[in-house]
Protein chains: 2
Amino acid sequence: MTKGTPDACAVVIFGASGDLASKKLLPALHNLQVDGFIPKETALLGTARTRFTHEQFAADTRKDLEKNSRISPTDDSWATFASDIFYVPGDVNDPALFQELKQKLEEIDERCGTGGNRVWYLSTLPAMFATIAEQLGKEGLLDTAGWHRLVVEKPFGHDLASARQLNTDLLRTFAEDQVFRIDHYLGKETVQNLLVFRFANAIFEPIWNRRYVDSVQITFAEDFGVGSRGKFYEDTGALRDVAQNHLMQLLSLTAMEPPVAWDADAIRDEKVQVLKAVRRWTPSECGEVAVRGQYKGYRDEDGVDVRSSTETYIAMKLRIDNWRWEGVPFYLRTGKCMAETLTEIAIQFQRVPHLLFAKTAVEELEPNVLVIRIKPDEGISLTFGTKIPGPEVEVRTVDMDFDYEADFGSGTAEAYERLLLEAMLGDATLFTRSDEIEQAWEIVDPIREHWMQGGRPGSYDEGSWGPRAATELLTRDGRSWRNGRS
Amino acid sequence: MTKGTPDACAVVIFGASGDLASKKLLPALHNLQVDGFIPKETALLGTARTRFTHEQFAADTRKDLEKNSRISPTDDSWATFASDIFYVPGDVNDPALFQELKQKLEEIDERCGTGGNRVWYLSTLPAMFATIAEQLGKEGLLDTAGWHRLVVEKPFGHDLASARQLNTDLLRTFAEDQVFRIDHYLGKETVQNLLVFRFANAIFEPIWNRRYVDSVQITFAEDFGVGSRGKFYEDTGALRDVAQNHLMQLLSLTAMEPPVAWDADAIRDEKVQVLKAVRRWTPSECGEVAVRGQYKGYRDEDGVDVRSSTETYIAMKLRIDNWRWEGVPFYLRTGKCMAETLTEIAIQFQRVPHLLFAKTAVEELEPNVLVIRIKPDEGISLTFGTKIPGPEVEVRTVDMDFDYEADFGSGTAEAYERLLLEAMLGDATLFTRSDEIEQAWEIVDPIREHWMQGGRPGSYDEGSWGPRAATELLTRDGRSWRNGRS
């Protein structure tokens, strides 16, 4: 099955003057066109409150491409791209905006041959998502001959109740298979490769279970702070910003059963099954299994309350109550201002049942660890014990490595290019389904509820691996975090 | 358990003027001394028919070291080494030689403090092994206060009957635990590492069996011909020169059960169990499972009969009739004048039971292969399927690699250094036991018997991968040889 090229369509970006549009979405559209993945006729219609003229928007877009795009625009590529760029300013609460958009889109259909096909890309504040969807329906923008797809940026809700409400609101106007909820981590090659790695190789699946796996560590660490996002971050925190989405995605891909087919629903069915099997901690249990932290300089950041108790770090232990994973702890963590920027999934296998080598005690010998590195240097490595050369039989742990870039070269499509293309193709495999999102909130909500009852995040030094309590979380289980590569 | 340093001893080399002594044994002794693995007092007594004076032997030895040693002799290292070198010429059929040796060794004990400890190293023609052992006993050279160890070079017999006879002869004078039968492949780090790799890692043993392994290929290929060894080779051939010893060693280490301990007898017990489980083909079955070849220029080599039917290539299929390996074919081959010099063990795993990726058929997807490379570039690699970057889910096979030298540096001890040291330490783990040798002959003898009934080796081009029949051997099973380091 070749997916082929999507139909020509109009991509309507709400929030077109924002950061995400300028850094990711506009470059992604340009690059998809340059690489020939989408038709040259694909049109871009930006909208936002900023009262740009068409010319200003186009000029800014060119600057954005020059600054942020993986592929620099040439005069040719720019000419092709610019000929189908449009901008309409307005307020999404004002029905007049939608009438203007409607009219502009009819012009675009005529001019570009986009046949009424629309990608509605919501890159605004989350509070506007429901309104925009509702207005699109009400003002008749969905009554075209072509297809309609709604792409919704994160965050999708701020807890279970709000996520449910948003799902209800969107699904009043759109069908589930028209809604493409973004978790840009799913656009990364290594994340997609996780399933290929698991299910295209006969040797990993037999040991991918409680009988051979001791524990799993999933780490999403950043070596920088909140920067200019302080105000946003104050209301969000690490739990909602990363744990509820990226960490839960990596968890479900790692732990899921083989899907019956490689399609959006089969894969997402299995991901949801895993999330359903994740044990729900009661808020009181959360004191034992979740740890929050705040880096020392956080309260001095712009937009941050000097008494803030927002967490910039969270570690949690999860249990998956099913046949495959019973008894295997999954340790997940994310933090800002960590020692390094690193995203990885580490499958730690059990120790050998018996060790033959008198010079090395079983406890001294590192168990095998399979590490799927997502960032930086996407790749896979397997640590294993080997003999140290010499007359003694001494064992040392070494690495077997596979480096994605070394084999496939750099310059592969960015996550947003991939995701935009998939949305245009109507393939929702790499997007989050409504039940998936709700399950993920159900898992993390009790942690936040527990925190709201009192206490504060443990402070940690910038450049460290998080608060002391996080170390203790694993020490209590007789384990320790993999800190850094190796 | 640290093995420590062996007692000071006298190493008596029979055949001291030969190639092996000059290329391997003398350098090994020098290097062990330089590296501090053996006492400075270790003495070397060479003997052979060549009527060297002590001075000539010493001068030749220095030249040998300069030419052949991993560590070049310095004035210091040479002075230390040379002060304990001795030479006594003579004929091993003449009891007077042994009396002279006895007397010289008593002097050495006095001068060097070697305390009657002896390594008797038989590096002569095989026909002399029994005589020397007998004479050593008869002439009273074993009646010292110290220990005695007999190191026997290959070939050990030329068929089952002669190997049994030689065992009987040697064991009349020496106990089994005093006999160290050399297979220098066992001195190689990667070969020893095979057991460490299997039994120090919890993730390979669960899939190291018929349920997950499709087949095993063991290759010992050399890209050169017989050179000046034509006369010797004419009487030997690939089956006896490599298959009976090196290939059987690699087979038994690959297929053996975990030993109860890391000691000479526990390990050799399990190796023998595997060899016992290897199905004995009848001579008539051998036509189906064994293929011989001869490279085209072989009959033009010095010392080779122009009508020679000596094989320079052999491939064979073996079956191991036990619970672990039932149904898994082991394909073994060795040849001269092959496309490259390569020794490796390739564990080919089964295909995935079901493939999810529509763009790739199960038959197209290469199964996982674990390759243990012994020569060149000792290391381990694992091929696995990974996603080709891009919007399609396409799978390609890539390698995860571990390179022994990259992690541990070069310049590690050579096989002969290791083996000499082990013999001095009295550890027979890396040497072949009498029953092991006999089992190996029992496996290969029917093949030779079948060949003796008629037919000729298939000829093959120099620089190829052997005769056509070898390809067909695997084609019939729906498989193919891994030719080269793909």
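Does A:Ile314 satisfy the condition of being closer than 25 Å to B:Leu382 by Cα, away from chain B (no Cβ under 14 Å) and buried (at least 21 other Cβ atoms within 10 Å of the Cβ)?
no
Go through region B:156-166 and give me each residue that's surrounded by fewer than 21 Cβ atoms within 10 Å (Cβ to Cβ) and within 18 Å of B:Thr131 (Cβ to Cβ).
Hits for region B:156-166 are B:His158, B:Ser162, B:Arg164, B:Gln165.
Give all pairs with beta carbons closer than 6 Å in which a residue from region A:108-128 that is under 15 Å from A:Gly426 (Cβ atoms) meets a residue that is modelled with pLDDT of 95 or more and among the aromatic types (Phe, Trp, Tyr); count only pairs at least 6 apart in sequence or on separate chains.
Qualifying pairs under 6 Å: A:Asn117/A:Trp147.
For (1) within 22 Å of the chain's Cα centre (by Cα); (2) among the acidic types (Asp, Glu); (3) surrounded by fewer than 22 Cβ atoms within 10 Å (Cβ to Cβ); (4) at positive phi, each residue gets a yes or a no:
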| site | (1), (2), (3), (4) |
| --- | --- |
| A:Leu332 | yes, no, no, no |
| A:Pro353 | no, no, yes, no |
| A:Thr386 | no, no, no, no |
| A:Met400 | no, no, yes, no |
| A:Ala423 | yes, no, no, no |
| A:Glu438 | yes, yes, yes, no |
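In region A:154-207, which residues are part of a loop (DSSP other than H, G, I, E, B), modelled with pLDDT of 95 or more and out of contact with any helix residue (DSSP H, G or I) (no Cβ under 7 Å at 6 or more places or on another chain)?
Passing the criteria: only A:Ala175.
Within region A:183-196, can one find any residue that is surrounded by fewer than 18 Cβ atoms within 10 Å (Cβ to Cβ) and either touching a residue at least 40 places away in the same chain (Cβ under 8 Å) or within 14 Å of chain B (Cβ to nearest Cβ) (or both)?
No, every residue in region A:183-196 fails to be surrounded by fewer than 18 Cβ atoms within 10 Å (Cβ to Cβ) and either touching a residue at least 40 places away in the same chain (Cβ under 8 Å) or within 14 Å of chain B (Cβ to nearest Cβ) (or both).
For (1) out of contact with any helix residue (DSSP H, G or I) (no Cβ under 7 Å at 6 or more places or on another chain); (2) within 14 Å of chain B (Cβ to nearest Cβ); (3) without any contact (Cβ under 8 Å) to a residue 24 or more places away in the chain; (4) not charged (D, E, K, R), each residue gets a yes or a no:
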| residue | (1), (2), (3), (4) |
| --- | --- |
| A:Arg396 | yes, yes, yes, no |
| A:Glu417 | no, yes, no, no |
| A:Asp427 | no, yes, no, no |
| A:Arg433 | no, no, no, no |
| A:Asp445 | no, no, no, no |
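With respect to B:Glu326, is the statement that it is among the acidic types (Asp, Glu), surrounded by 15 or more Cβ atoms within 10 Å (Cβ to Cβ) and more than 22 Å from the chain's Cα centre (by Cα) true?
Here the answer is no, as B:Glu326 does not meet what is asked.
Check region A:444-461 and report whether any residue there is closer than 30 Å to A:Arg149 by Cβ and not small (Gly, Ala, Ser).
Within region A:444-461 (the criterion being closer than 30 Å to A:Arg149 by Cβ and not small (Gly, Ala, Ser)), the answer is yes, since at least one residue qualifies.
Based on this model, can you work out whether B:Asn167 counts as under 30 Å from B:Arg448 (Cα atoms) and either in contact (Cβ under 8 Å) with a residue 60 or more places away in the chain or among the hydroxyl-bearing types (Ser, Thr, Tyr) (or both)?
yes
So which residues in region A:224-264 are closer than 21 Å to A:Met316 by Cβ, away from every other protein chain (no Cβ under 14 Å) and not in a helix (DSSP H, G or I)?
Passing the criteria: A:Val226, A:Asp235, A:Thr236.
Quick test of your reading of the structure: B:Gly116 fulfils all but one of (1) within 23 Å of the chain's Cα centre (by Cα); (2) part of a loop (DSSP other than H, G, I, E, B); (3) at pLDDT 95 or above. Name the failing condition by number.
The number of the failed condition is (1).
Within 14 Å of chain A (Cβ to nearest Cβ) and in contact with a strand residue (DSSP E or B) (Cβ under 8 Å, 6 or more places away or on another chain): which single residue out of B:Phe199, B:Phe204 fits that description?
After ruling out the rest, the residue left standing is B:Phe204.
Among the residues that make up region B:400-413, is at least one of them touching a Leu at 6+ places or on another chain (Cβ under 7 Å) and modelled with pLDDT under 90?
Within region B:400-413 (the criterion being touching a Leu at 6+ places or on another chain (Cβ under 7 Å) and modelled with pLDDT under 90), the answer is yes, since at least one residue qualifies.
Does region A:89-101 include one or more residues that are in contact (Cβ under 8 Å) with a residue 12 or more places away in the chain, assigned to a strand (DSSP E or B), surrounded by fewer than 21 Cβ atoms within 10 Å (Cβ to Cβ) and of a type outside the set (Gly, Ala, Ser)?
yes
Out of everything in region A:17-51 that is out of contact with any helix residue (DSSP H, G or I) (no Cβ under 7 Å at 6 or more places or on another chain) and assigned to a loop (DSSP other than H, G, I, E, B), what residue ends up being nearest to the other protein chains (Cβ to nearest Cβ)?
Here the answer is A:Asp35.
Here are some conditions: (1) more than 19 Å from the chain's Cα centre (by Cα); (2) away from chain B (no Cβ under 14 Å). A:Val213 meets all but one. Which one does it not meet?
(2)
Kindly indicate which of A:Leu150, A:Leu122, A:Leu136 is at negative phi and in contact with a Ser or Thr (Cβ under 7 Å, 6 or more places away or on another chain).
Going through A:Leu150, A:Leu122, A:Leu136 in turn, the sole match is A:Leu136.
Just to be sure before I move on: is A:Trp441 assigned to a helix (DSSP H, G or I), aromatic (Phe, Trp, Tyr) and modelled with pLDDT of 95 or more in the structure I sent?
Against the criterion (assigned to a helix (DSSP H, G or I), aromatic (Phe, Trp, Tyr) and modelled with pLDDT of 95 or more), A:Trp441 qualifies.
Considering only region B:452-472, state which residues are farther than 16 Å from B:Gly237 by Cβ and part of a strand (DSSP E or B).
B:Ser464
I'm trying to understand the selection: among the residues of region B:277-300, which are crowded, with 16+ Cβ neighbours inside 10 Å and either at positive phi or part of a helix (DSSP H, G or I) (or both)?
Across region B:277-300, the qualifying residues are B:Ala277, B:Cys286, B:Val289, B:Tyr298, B:Arg299.
The values are calculated or read from the model by the stated rules, or taken from the named source; none is laboratory data. This one's a predicted model, so the numbers in the text were calculated from it and none came from an experiment. Please note: Cβ atoms are built from the backbone with ideal geometry, for glycine as well, and neighbour counts cover all protein chains shown.
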